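First comes the structure, then the notes that go with it.
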Amino acid sequence: MFMAISSSHTGTHSVPLAISCLNTTGPVLEMGCGLYSTLMLHTICAKQGRRLHTVDHTLSWLKKFMHLETQFHTFEHLTCGSLNVTIYEFMYRLSPHWSKKIDESWDQVGNGDRWGLVFLDQLPLSRRVKDIKRLRASTDVFVIHNTNMLGNWLSEFWPYLKTFTYTYIFPAFPATAVCSDRIDVRSFFNSN
């Protein structure tokens, strides 16, 4: 059993994401790039010979990682606007025009493919449950960052995450959930 880690550090998803990637096969979809996830997934997927597709809506942020692009690691920029995190969340929830524009962009990501792993760390947070529902039938394992407190209030994760056959919550703050209907993800973290 792990002891809960409390940290303001944004990389708390790194351990459950790495463990999940090492325990799955097939292509990986990263929704929302980051200093920890993109470099780590790139390295693991290259070593395993897996395809990785990284998607983000902020071009300036995406460009920080595009030097990693190979035939196995592709990048996609969504042109649905980029604002301050808080403003982006509220605009998505309060403006039908803005939410339609964002939904039209994200609704196309990952469609038509089978995914071994989907990592969700994109904005707006309240968009993530839609993407999990949309990709659930074609994904073996989901890793979802920020699934507690503010993240849960904004996107109401828990009523939906409880519908998965297997769910594991990595004991760190901010929380990361690992979910699957096909694989007992709890076994990834079991020390027995």
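The values are calculated or read from the model by the stated rules, or taken from the named source; none is laboratory data. Owing to the predicted nature of the structure, the values given are computational and were not obtained by experimental measurement. All Cβ positions, even for glycine, are placed from backbone atoms using ideal geometry, and neighbour counts span all protein chains on display.
Output yes when any residue across segment 96-109 is touching a Pro at 6+ places or on another chain (Cβ under 8 Å) and of a type in the set (D, E, K, R), and no when none is.
Among the residues of segment 96-109, not one is touching a Pro at 6+ places or on another chain (Cβ under 8 Å) and of a type in the set (D, E, K, R), which makes the answer no.
Out of curiosity, is F65 surrounded by 19 or more Cβ atoms within 10 Å (Cβ to Cβ) and over 20 Å from T147 (Cβ atoms)?
Yes: the conditions hold for F65.
Let me confirm something: among I19, I102, which residue is closer than 27 Å to P171 by Cβ and not charged (D, E, K, R)?
When all the criteria are applied, what remains is I19.
Quick test of your reading of the structure: V178 fulfils all but one of (1) surrounded by fewer than 20 Cβ atoms within 10 Å (Cβ to Cβ); (2) in contact (Cβ under 8 Å) with a residue 60 or more places away in the chain. Name the failing condition by number.
Result: V178 fails condition (1) only.
Results for (1) surrounded by 12 or more Cβ atoms within 10 Å (Cβ to Cβ); (2) among the basic types (K, R); (3) under 21 Å from T25 (Cα atoms); (4) modelled with pLDDT under 95, shown as yes or no for each residue.
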{"site": "T74", "(1), (2), (3), (4)": "yes, no, yes, no"}
{"site": "T79", "(1), (2), (3), (4)": "no, no, no, yes"}
{"site": "F90", "(1), (2), (3), (4)": "yes, no, no, yes"}
{"site": "L120", "(1), (2), (3), (4)": "yes, no, yes, no"}
{"site": "L123", "(1), (2), (3), (4)": "yes, no, no, yes"}
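Hey, could you check segment 92-109 for residues that are among the hydrophobic types (A, V, I, L, M, F, W, C) and more than 21 Å from the chain's Cα centre (by Cα) and say which is surrounded by the fewest Cβ atoms within 10 Å (Cβ to Cβ)?
So, considering only residues that are among the hydrophobic types (A, V, I, L, M, F, W, C) and more than 21 Å from the chain's Cα centre (by Cα), the one surrounded by the fewest Cβ atoms within 10 Å (Cβ to Cβ) is L94.
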